[in-house]
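J.: Structure below; questions to follow.
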Amino acid sequence: MRIHIFFATDGSVSARFAQAQILSMPWRPPVHITVMTAMEVPHPPFTSLIPPARRAFNAALAVLHHDAEDHATEVLDKARLDLEGHVGSVATRMHLGYAGPTIVDMARACRVDLVAVGSRGLGMYKGFLLGSVSDYVAQHAHCPVLTVKTPPKGERRFLLPLEGPADKERVVGWLKALDLSAGARIHLLKVCRKRKQASNPGGEPTHGTGGIAAADDFEAWGNSPEVLESLGGQELPMGAVRVTAEVRYGDPVPEILDSIHEFRPELLVLGAKCPQSPAESPLGKVTRKLIDQASCSVLVVRP
């Protein structure tokens, strides 16, 4: 089975982080990458009826378009050269239009398995609309989206918060696209919105302050590779993968952020929605906040 990755780049530092993350991931071969860039050429309104002014305006637009095309060609050529030899095949695409909608439309047309973007791009002008493209893509793409924030560490540490049955199928199932025979650290996290009450050895009720469950709660949910197997990871090379499981109680966003701080994952893997998400939210409130606030790169998994 071939995986098709759609890498959207504008040549920015963040886009180079995304390219490095693609190369550092242990994908199962063969891997095909389509490198795509969108040309956003501004077209301000022009109302003058004076012919020389109209000609000057059109000439200026032609120069802008030519410069944008030259930059896009340079970005695509460099990315292709960097990727060739590391994956099965590389193709390039250049499109005129606003980056966010163009990336989403082209990814759908190419029937890709994953879209990879940097979290901060150049935008129409450097320093303008930073992050708006990755935000749009994460919300509207039809497939999983990898939003890369930092250079890859190469540590293969994955944090997987699980909300419900749909997350178990999507998030854990995503691991099957990876070759983990060389090993990985997988940390499964379950956040219960209502904190449980535990008892100390003397029988008195106690309330933890760190949000971490008592030992019997761990045992009930699982704290070994068997829990990953029970969630659908039977095809993974469990001998090379270290799996830990954690249960926390409280609000999902701060609890997941705390777990990121403690576990230091290379990648946070999230389902696109949780059962409590409103229908009008493409991602879900929890996922949307974590994309913004997580200190690591984030992969949003869709069916």
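J.: Hey, what do the phi angles of the range 51-66 turn into as Karplus ³J(HN,Hα) couplings, whole Hz, using 6.51/-1.76/1.60 and θ = phi - 60°, x for Gly and Pro?
T.: Karplus values, whole Hz, x for Gly and Pro: x, x, 5, 4, 5, 5, 5, 5, 5, 5, 5, 5, 5, 4, 5, 5.
J.: Once the Cβ-Cβ distance between Asp292 and Ala53 is put in as r, and R0 is 41 Å, what FRET efficiency do you end up with, to the nearest 0.05?
T.: Step by step, r from the Cβ atoms, then E = 0.40.
J.: Set the Förster radius R0 to 25 Å, insert the Cβ-Cβ distance between Leu96 and Ala20 as r into 1/(1 + (r/R0)^6), and round the FRET efficiency to 0.05.
T.: Taking R0 as 25 Å, the efficiency between Leu96 and Ala20 is 0.35.
J.: Still on this structure, please answer the following. Would you please put 71-77, 186-192, 292-298 in order of how densely packed they are, using the mean number of other Cβ atoms within 10 angstrom per residue and starting with the highest?
T.: Numbers: 71-77: 16.3, 186-192: 21.1, 292-298: 18.4.
Highest mean packing first, the order is 186-192, 292-298, 71-77.
J.: Let me ask something additional. Which of Lys153/Lys176; Lys78/Lys285; Lys176/Lys285; Lys78/Lys176; Lys78/Lys149; Lys78/Lys289 have a Cα-Cα distance over 25 Å?
T.: Correct reply: Lys78/Lys285; Lys176/Lys285; Lys78/Lys176; Lys78/Lys289.
J.: Tell me, in nm to one decimal, what length is gained between Arg302 and Ala60 on full extension, where the rule is 0.36 nm per residue of separation less the Cα-Cα distance? Don't skip to the end; give the middle numbers.
T.: Numbers: separation 242, 0.36 × 242 = 87.12 nm, distance 4.30 nm.
Working it through step by step, the gained length comes to 82.8 nm.
J.: Follow-up. Which residues' amide hydrogens lie under 5 Å from the amide hydrogen of Cys192, considering only partners 5 or more residues apart or on another chain, with H built in the peptide plane?
T.: Placed amide hydrogens put Arg248, Tyr249, Gly250 under 5 Å from Cys192.
J.: Exposure proxy check: Val145, Val137 ranked by fewest other beta carbons within 10 Å?
T.: Working: Val145 28, Val137 25.
Ascending number of Cβ neighbours within 10 Å: Val137, Val145.
Laboratory data are not the source of any read-out in this text; all were calculated from the coordinates shown. Owing to the predicted nature of the structure, the values given are computational and were not obtained by experimental measurement. Please note: Cβ atoms are built from the backbone with ideal geometry, for glycine as well, and neighbour counts cover all protein chains shown.
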